[in-house]
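The values are calculated or read from the model by the stated rules, or taken from the named source; none is laboratory data. All values reported here derive from a predicted model rather than from experimental measurement. With ideal geometry, Cβ positions are generated from the backbone for all residues, glycine too; neighbour counts draw on all protein chains shown. Remember, those area values only see protein heavy atoms, side chains included, never the ligands or the DNA or RNA. Shrake-Rupley method; radii C 1.70, N 1.55, O 1.52, S 1.80 Å.
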Amino acid sequence: MTDAAAAVRSVRVDAWLWAIRIYKTRSAATTACRAGHVRVNGERAKAAQSVKPGDEVRVRIDGFDRMLVVREPISKRVGAALVATAMEDRTPPRDPAPVIAQRDRGAGRPTKRERREIDRLRGRDDQ
């Protein structure tokens, strides 16, 4: 395999993450790599690290890991339909966020009955 053919089969991890729309800008992808939020095959990745088909890329976004598998190394931004062919998303589904009871702003002080309901919801029953 020549150097030109090898270059086509691999691409920089920051360019790939930008191309598949994980990050809005390539500089944001580069910053995430520098901060250690990107791992390729379990090891921290520098922005210039190459990815090839079959590599697993873990990206930490908003406190959650996304697990992506490279199917096709692309370096140019493409449409959403082509993104699905360039990667496989193996991210497990997130647990639903717990529902927190909130009062509307300006609703005033809760009545005794409302306070008891709030305490019951929060598990602070005296009974």
With Cα coordinates, the longest principal axis of the chain makes an angle with the long axis of helix 112-122, in degrees rounded to 10, of 40
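Count charges around MET87 for me, please; just the other residues with Cβ under 14 Å from its Cβ, Lys/Arg as +1, Asp/Glu as -1. Before the final figure, lay out the partial values.
Working: positive: ARG21, LYS52, ARG58, ARG66, ARG71, ARG77, ARG90; negative: ASP55, GLU56, GLU72, GLU88, ASP89.
Overall, the nearby charge balance is +2.
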What ranking do 113-125, 61-73 get when scored by the average of other Cβ atoms within 10 Å per residue, highest first? 61-73, 113-125
With an 8 Å cut-off on Cα pairs and a minimum separation of 6 or more residues, tell me the relative contact order of the chain in percent. 21
Run through every distinct alpha carbon pair of the chain and return the Kirkwood hydrodynamic radius in angstroms, one decimal place. 17.5
How much of the accessible area of the chain, probe 1.4 Å, is carbon plus sulfur, in whole percent? 49
For segment 54-59, take each phi angle, set θ = phi - 60°, evaluate the Karplus expression 6.51 cos²θ - 1.76 cosθ + 1.60, and give the result in whole Hz per residue in order, putting x for glycine and proline. x, 5, 9, 10, 10, 10
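Could you provide, to the nearest whole Å², the per residue accessible area of segment 2-127 with probe 1.4 Å? Working shown, then result.
Values: 9250 Å² over 126 residues.
Heavy-atom accessible area per residue stands at 73 Å².
Summing Lys, Arg as +1 and Asp, Glu as -1, what charge do residues with Cβ under 13 Å from the Cβ of LYS76 carry, LYS76 excluded? List each step's numbers first, then the result.
Numbers: positive: ARG12, ARG21, ARG26, ARG77; negative: GLU72.
Around LYS76, the charge tally is +3.
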Which value, in debye to the nearest 20, describes the size of the charge dipole of the chain about its Cα centre when Lys and Arg Cβ atoms bear +1, Asp and Glu Cβ atoms bear -1, and nothing else is charged? 540
Once Lys and Arg are counted +1 and Asp and Glu -1 for all other residues with Cβ under 12 Å from that of PHE64, the total becomes +1
Just name one of ALA45, MET87, PRO110: the one whose Cα is farthest towards the positive end of the charge dipole of the chain (beta-carbon charges, Lys/Arg +1, Asp/Glu -1). PRO110
